[in-house]
Amino acid sequence: MNKSIITDQISMDLEEALITAKSFGFSYVELHGVWGKTIEDCSYVEVEKIKRLLNQYGMRVSNLATTVFLMCKLKDDYEIKPFGSGFVVTSAVSLDEHLKALGRACVIAKKLECEYIRIFPFRYPENHLVVGVEDDLEIIAENFRKALEVIQNEPVTLVVENCPYSHCPKVVMTNRLVSMIQSPKLKLLYDPANSFRADTQRVPSEYLRLTTYEEIPLVSENINHVHLKNYHYDPSFTKPFIHTTLKNGDLDYSKILRQLSDVDYEGALSLEPEVAFELVPQCIEEFNEIHTTNL
């Protein structure tokens, strides 16, 4: 399993992020936010600069973490809430614009010699509580089939992330989508912490039966990329899921990495600390320790 880190978790300045990543022993990085914009919105001039910097610091790209479909309404009457400025998203709005952004991401992925492109199962609506019901999944699957048409002749695979701000916060839900479509070019981006922090009021009951650790054996054959971060749950806070470094949260990543090893997962483990910038070095050190000890 190759260690990777999302560069904007270190800095939006790509060169600064690459220098730091290299100093901690990374040879793979994941690209989401670069110079204040999401990777799929970067100009081709900027992509050429990214390529030069990657070559200069001897880095390869594990995944293009695009925001395709994240800020796209699944239904016309769905009301979606924008993210704060700390999380950059594509300027695309309509479905057609998101599909064009995906086509652009394919060009960028080819230029950067990257095999995987992240997509999302659409932003959840503010005016509906329960999300990811079968009707929603059918519409998402229909739109994912359109996305697969965009990439059908490209050397890339789409990885769909289970995201707490989407219709599919738990990986058993994104796995349901992958199973519905049955394409070798659509796989899972598995984020255990996102599954853990899923809002149980929003998730249909049939997807709440498994713990995070019980999910892995059931979805393992479809996992092609993994994000690592951690939370501590404290109900005394308005937002009870508190970001922590890897070894100080409620998830046992030593156990998770052993589980992934047991199912012969060979893809990237990509660190997404989501902690204050000053805690990122500690998070990296804990990641390196867990990786060395358990693999």
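The values are calculated or read from the model by the stated rules, or taken from the named source; none is laboratory data. Small disclaimer: the values here were computed from a predicted structure and weren't measured. Heads up, the Cβs are rebuilt from the backbone with ideal geometry, glycines too, and the neighbour counts pull from every protein chain shown. Just the protein is used for accessible areas: all its heavy atoms, side chains included, with ligands, DNA and RNA removed. Shrake-Rupley method; radii C 1.70, N 1.55, O 1.52, S 1.80 Å.
If I build a Gaussian network model for the chain, linking alpha-carbon pairs within less than 10 angstrom, which residue out of Ser62, Ser183, Ser236 has the largest mean-square fluctuation?
Evaluated over the chain, the most mobile residue of the options is Ser236.
With all protein chains present and a 1.4 Å probe, how do Glu115, Glu266 order by accessible area, largest first? Before the final figure, lay out the partial values.
Values: Glu115 95, Glu266 150 Å².
If we order Glu115, Glu266 from most to least accessible, we get Glu266, Glu115.
Considering only C-alpha atoms, what is the centroid distance from the range 1-71 to the range 218-295, in Å?
20 Å
Determine ³J(HN,Hα), in whole Hz, for all residues of the range 18-27 in sequence, where each value follows from phi through the Karplus function 6.51 cos²θ - 1.76 cosθ + 1.60 and θ = phi - 60°; x replaces Gly and Pro.
5, 4, 5, 4, 5, 5, 9, x, 7, 10
Counting pairs of alpha carbon atoms under 8 Å apart in space and at least six apart in sequence, what relative contact order in percent does the chain give?
Values: 561 pairs, mean separation 48.5, N = 295.
Once divided by the residue count of the chain, the mean separation gives 16 percent.
From the Cα trace of the range 203-295, what convex hull volume per residue do you get, rounded to a whole Å³? Each step should come with its number before you reach the end.
Working: hull volume 10.6 nm³, N = 93.
It comes to 114 Å³ per residue, whole-number rounded.
Rg/Rh for the range 1-103: what does it come to with C-alpha atoms and Rh from Kirkwood?
Working: Rg = 14.9 Å, Rh = 14.6 Å.
Value, to two decimals: 1.02.
Can you list the equivalent-ellipsoid semi-axes of the chain, largest first and in whole Å, using the square root of 5 times each Cα gyration tensor eigenvalue? Don't skip to the answer; put the middle values down first.
Values: eigenvalues 134, 116, 68 Å².
In descending order the semi-axes read 26, 24, 18 Å.
Nothing charged except the Cβ atoms of Lys and Arg (+1) and of Asp and Glu (-1): what's the magnitude of the dipole of the chain about its Cα centre? Round to the nearest 20 debye.
440 debye
Which whole-Hz ³J(HN,Hα) couplings does the range 44-59 yield from phi under the Karplus relation 6.51 cos²θ - 1.76 cosθ + 1.60, θ = phi - 60°, glycine and proline marked x?
For the range 44-59, the Karplus-derived couplings read 5, 5, 5, 5, 4, 5, 4, 4, 4, 5, 4, 5, 4, 9, x, 10 Hz, x marking Gly and Pro.
In the chain, with Lys and Arg counted as +1 and Asp and Glu as -1 at Cβ, which of these residues, Ile223, Thr20, Pro121, has the Cα nearest the positive end of the dipole, that is, farthest along it?
Checked the options; the winner is Thr20.
Using a Gaussian network model on the chain with a 10 Å cutoff between Cα atoms, which of Asn127, Asn224, Asn63 fluctuates the most?
Asn127
For the range 209-257, which chymotrypsin sites (Phe, Trp or Tyr not before Pro) pass both filters: DSSP loop (anything but H, G, I, E, B) and at most 11 other C-beta atoms within 10 Å?
Those satisfying the criteria are Phe237.
Any chance you could tell me what percent of the C-alpha pair distances in the range 45-123 go past 17 Å? Please report the intermediate quantities before stating the final value.
Values: 1598 of 3081 pairs.
When all Cα pairs of the range 45-123 are counted, 52 percent exceed 17 Å.
Based on DSSP H runs of at least 4 residues, each adding -39500 (n - 2.57), what is the mean residue ellipticity at 222 nm of the chain after dividing by all its residues, to the nearest 500 deg cm²/dmol? Before the final figure, lay out the partial values.
Working: 9 runs with 107 residues, N = 295.
Calculated at 222 nm, the ellipticity per residue is -11000 deg cm²/dmol.
Using only alpha carbon pairs under 8 Å that are at least six residues apart, calculate the relative contact order of the range 34-92 and give it in whole percent. Before the final figure, lay out each step's value.
On the way: 32 pairs, mean separation 29.2, N = 59.
Contact order relative to length: 50 percent.
Accessible area of the range 104-201 with a 1.4 Å probe: how many percent of it is carbon plus sulfur?
Values: 1570 of 3490 Å².
Carbon and sulfur atoms account for 45 percent of the accessible area of the range 104-201.
Got a sec? Charge dipole of the range 34-102, +1 on Cβ for Lys and Arg, -1 for Asp and Glu; which of His98, Asn55, Phe83 is way out at the positive end?
Comparing the listed Cα positions along the dipole, Asn55 ranks first.
Pull up all non-local amide H partners of His32: gap of 5 or more, or a different chain, and H-to-H distance under 5 Å with H placed in the peptide plane.
Under 5 Å from the amide H of His32 lie the amide H atoms of Thr7, Asp8, Ala65, each far enough along the sequence or on another chain.
Which net charge results for the neighbourhood of His128, defined as the other residues with beta-carbon distances under 12 angstrom from its beta-carbon, given Lys and Arg at +1 and Asp and Glu at -1? Each step should come with its number before you reach the end.
Details: positive: Lys73, Lys75, Arg123, Arg202; negative: Asp77, Glu79, Glu126, Asp135, Asp136.
With Lys, Arg at +1 and Asp, Glu at -1, the neighbours total -1.
Using the structure shown, select from Lys146/Lys247; Lys3/Lys187; Lys75/Lys111; Lys185/Lys255; Lys100/Lys239 the pairs with a Cα to Cα distance greater than 31 angstrom. Walk me through the numbers before you get to the answer.
On the way: Lys146/Lys247 40 Å; Lys3/Lys187 19 Å; Lys75/Lys111 34 Å; Lys185/Lys255 29 Å; Lys100/Lys239 35 Å.
Over 31 Å Cα-Cα: Lys146/Lys247; Lys75/Lys111; Lys100/Lys239.
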